[in-house]
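Nothing in this text is a laboratory measurement; each read-out follows from the coordinates by a stated rule. Because the structure is predicted, anything quoted here is derived from the model rather than measured. Methodologically, a virtual Cβ is constructed for each residue, glycine included, from the backbone with ideal geometry; neighbour enumeration extends over all protein chains shown.
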Amino acid sequence: MGLILLYVFPVLQGNWGSWPGMRYTIIRYLLYGFINFQLWYVLSFVVLPLHDRRKHWLAAGWATGVVFCFCLIKYAVARLFPDDILQGAIAMIGMPKRYFSFPTYFRFTLGTGIAVTMGAYAYYIFLRWRAGDAGSRRLEAETALARRQYAQMHFSSQLLLRKLKAIEQMLANERQPEGESAEAILQLSQLLRYMLYDKAVRLDKAPLEKELQFFHLYLDLHNRLFPQQQVSLVVEGDATGRYIAPLQLQHAAERLLDEHTGLTVVTMRLHIGTQTLGLSSGTATNWLQALRNRYSHHLKIPVYATQG
């Protein structure tokens, strides 16, 4: 009704001071606009949804019947106001008034009904497209989430196997300090508990401070299991109030460590920017080599300022 009033308002404003003009406007625009709106509403939300249940012929039959019924309703209203609706032209003084016959006026109303039906079909198709597009986006989001969860599980299993193998070698080494293996097992269990069961990991958005806490635990475990490759971390920037996708730092560290083999000391530098985290690494056997290396290996990770 708001759209109808918005459509009629300019005509009402022009005929405000004339009762015949107001009468004509109210009947021809407001009353018949309301009837056409009711036709559009019935078609859009009652008849056309029959297509969703694959009752196409039933929907077409009901649409035809509803249009014909509303044409009869319009003619019945026209019979109540024949001078405003059915009169073909204003008769001269002393001349008889001429009115449209039922077939003629029915043809006019049928054309309007067909136009309203086309508008209802267009709106119904738009609703179907919007619902299908929302379903596609939801399916894509669920697929992406499943892929990330699979990647996290794959990474966790690889990490478990690699660390367990290193712990086995540590247990077999009789010269290993007492309690070192137990501490490594405890650190590994804490790391795996975070990877597999933590709520932030399952929600795919973790606080950066929490990620850094477990990243330090991951590097400490690496240094304990692989003493021939000691890794240190330098953090630049403030992690307060920042969020990232979980386990990205561990993924990036594994890729960087694969590039450094042998008896080396690896220094990782984590730069916390406004939109990304920059993780770089370099080998540093002495300070001169560290200057020459200039941290040539870089990986970037998206970072978010809020949790949403």
Note to self: I need the full set of residues from the stretch 251-270 which are assigned to a helix (DSSP H, G or I) and touching a Gly at 6+ places or on another chain (Cβ under 9 Å), in order please.
What the structure shows: none
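Filter the stretch 231-247 for residues that are farther than 30 Å from Leu171 by Cα and either crowded, with 18+ Cβ neighbours inside 10 Å or not hydroxyl-bearing (Ser, Thr, Tyr) (or both) and give the result. Steps first, please.
Residues of the stretch 231-247 farther than 30 Å from Leu171 by Cα: 234-246.
Listed by number, the residues that qualify are Val234, Val235, Glu236, Gly237, Asp238, Ala239, Gly241, Arg242, Tyr243, Ile244, Ala245, Pro246.
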Next item on the list: Among the helices (runs of 4 or more DSSP H) lying completely within the stretch 174-250, list those that include at least 2 residues that are in contact with a Lys or Arg (Cβ under 8 Å, 6 or more places away or on another chain).
Entry: 180-197, 208-225
Margin query: Here is a list: Val67, Val42. Which entry is under 38 Å from the mean Cα position of the chain (by Cα), within 27 Å of Tyr124 (Cα to Cα) and part of a helix (DSSP H, G or I)?
Written below: Val42
Next item on the list: Just give me the residues in the stretch 211-230 being closer than 18 Å to Pro246 by Cα and surrounded by fewer than 17 Cβ atoms within 10 Å (Cβ to Cβ), in sequence order.
Entry: Gln213, His216, Leu217
Margin query: Restricting to the stretch 70-88, count the residues that are of a type in the set (Asp, Glu) and under 53 Å from the mean Cα position of the chain (by Cα).
Written below: 1
Checklist line | Of the criteria (1) of a type in the set (A, V, I, L, M); (2) in contact with a strand residue (DSSP E or B) (Cβ under 8 Å, 6 or more places away or on another chain); (3) in contact (Cβ under 8 Å) with a residue 40 or more places away in the chain; (4) closer than 18 Å to Arg255 by Cα, which one Leu208 fails | finding: (4)
